[in-house]
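Read-outs throughout are calculated quantities, based only on the coordinates presented, and are distinct from any laboratory measurement. Just so you know, these numbers come straight off a predicted model, no measurement behind them. In this analysis, Cβ positions are derived from the backbone assuming ideal geometry, glycine residues included, and neighbour counts consider all displayed protein chains.
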Amino acid sequence: MSEAAPADPVRALSRKARDLDAVHAATDRRDAFVLPEGLIYLDGNSLGAMSKAARDAAADAVTRQWGEQLIRAWNESGWWSAPERVGDRIAELIGAPAGSVVVGDSTTISLYKAVHAATRLRPGRRVVLTDPDSFPTDVHVTRGVCEQLGLTLELVSPNDVEARLAGSNDVALAAYSQVDYRTGQLWDLAAITTAAHDAGALVCWDLCHSAGVIDVGLSGGGADFAVGCGYKYLSGGPGAPAFLFVAPQHLGDFNNPILGWNGHATPFAMSPEHIPADGITRARVGTPPVLGIATLEGALTAYDGLKVVDVRRRSLSLTGFFVECLDVLGVDLPVVTPRDDARGSQVSLRHPEAYAVVQALIARGVIGDFRESDIVRLGFAPLYLSHEDTLTAAVHVRDVIVRREFEHEQFRARATVT
Ligand SMILES: *Cc1c(COP(=O)(O)O)cnc(C)c1O
């Protein structure tokens, strides 16, 4: 029996998977998460898995805080200050200073606030640049702000944005995602930021697919504004509040386009005049979604004792190993995601029947997702996935393709959420 072993590619990959898992053991947080037995969850980039701490924090916020403390919880359980407190924890993960991040609204609304406020810091400049291939809400929000303020939206690929900016003097803001949500391509945050600043423009970064998996280095990169999602890699739960970063040098001039009482200097003075609060608090709007923030705060404890650079290393190892497995197993699908390190924490494959491929994988217990028009998108949330899981997933991909399971009728009917 054993003589046949060296020729078995799965056997060799399995040994390598175990070795890599040993190398990256310090960033393994699998035990902190609740995942159904036998399931390989490659959708943590869309809805992060639930951790025990997130579940317990949600239960405590409902049962003890709301149930027993009632209104007193605003003070006694720190509900009022939660947007800034949890913002500070996220700031550590994205390389921003304390007091520059707040949580509370959706990514869409946070982006609206950032784009609107940023363009007003560059009066006289009429152009806003964004990526036509951005997640649609990013394009919609940016377009909406431009229409409201009489600015011009120019759709420019991140590939071309540095050339567009060079020598220009008409751009107020460049609003880009650090990671392309479809292809997983990682753009050069520092280089694009520098190009914008050299042209006198500001930059707003969308970190939805970066936060928690990439050592973003927001301050080191000189970013002006940023937003990101709480329910993706950060695992804050469905509809978790998003975060908004405003660089300290812009806080004094930050004009929140939604003047609410939570962003007021003295909210309980109940004054009809609006005096903005100092610091990042002025980016708040109305009563924060307390239960969502509490759940997110619990979820973030998964990062306690971890450095994001080490999580990033694990992420690159997982995605790199996945592509290696596909190669060794002879899975002949185009890999859309860059093979060098310029990628986020996902691997996207192209297949004309991508939707059915994803459904067939789900039937095998490997959950990924489909993105228009032909992308099989597989996210590798590093804290709860191992290299062994990665190999198992690659074997399932091979089997779905080789056995042509995507041709089965039951995998072709589209659900509402893809
Ligand atoms: C996930 C995601 C969003 C989601 O925005 P919501 O307001 O939470 O619906 C926005 N932008 C990007 C780039 C995303 O990846």
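General remarks:
- Whole-number percent relative contact order across the range 66-138, with pairs defined as alpha carbons under 8 Å at least 6 apart: 19
- Placing unit charges on the Cβ atoms of the charged side chains and taking the dipole of the chain about its Cα centre, the candidate lying farthest along the positive direction among LEU318, ILE258, GLY239 is ILE258.
- All C-alpha to C-alpha distances of the range 171-297, sorted into 10 Å bins beginning at zero, yield P(r) values of 12, 35, 35, 15, 2 percent in whole numbers.
- Relative contact order [Cα under 8 Å, 6+ residues apart], the chain, whole percent: 22
- Taken about its Cα centre, the range 332-418 carries a charge dipole of roughly 100 debye when the Cβ of each Lys and Arg holds +1 and the Cβ of each Asp and Glu holds -1.
- Estimated from the Cβ-Cβ distance and a Förster radius of 56 angstrom, the FRET efficiency linking GLU37 and ALA269 is about 0.55.
- For the range 355-368, Karplus couplings with θ = phi - 60° (6.51, -1.76, 1.60), whole Hz, Gly/Pro x: 4, 5, 4, 5, 5, 5, 5, 4, 4, 8, x, 10, 9, x
- Karplus 3J(HN,Hα) series, Hz, for the range 8-18 with 6.51 cos²θ - 1.76 cosθ + 1.60 (x for Gly, Pro): 7, x, 5, 4, 5, 5, 5, 5, 5, 4, 5
- The residues ARG72, ARG55, ARG314, when put in order of fewest to most other Cβ atoms within 10 Å, stand as ARG72, ARG55, ARG314.
- Distant-in-sequence amide contacts of GLY44, defined by a placed amide H-H separation under 5 Å and a gap of 5 or more residues or a different chain, comprise GLY379, ALA381.
- All Cα pairs of the chain, percent lying beyond 42 Å: 16
- Lysine pairs meeting the criterion (Cα under 21 Å, 8 or more apart or interchain), as found in the chain: 4
- Helix-derived mean residue ellipticity, 222 nm - over the chain, DSSP H n ≥ 4, -39500 (n - 2.57), to 500: -10500 deg cm²/dmol
- In units of the rule-of-thumb radius 2.2 N^0.38 Å, the range 82-228 shows an alpha carbon radius of gyration of 0.96.
- Antiparallel content of DSSP bridges confined to the chain, in %, to 5: 55
- Unmatched cysteines, the chain - criterion: no other Cβ of a Cys under 4.7 angstrom: CYS146, CYS204, CYS325
- Sorted by Cβ density within 10 Å, fewest first, the residues LEU306, LEU218: LEU306, LEU218
- Residue exposure sequence - THR390, THR63, THR281 - by fewest surrounding Cβ within 10 Å: THR63, THR281, THR390
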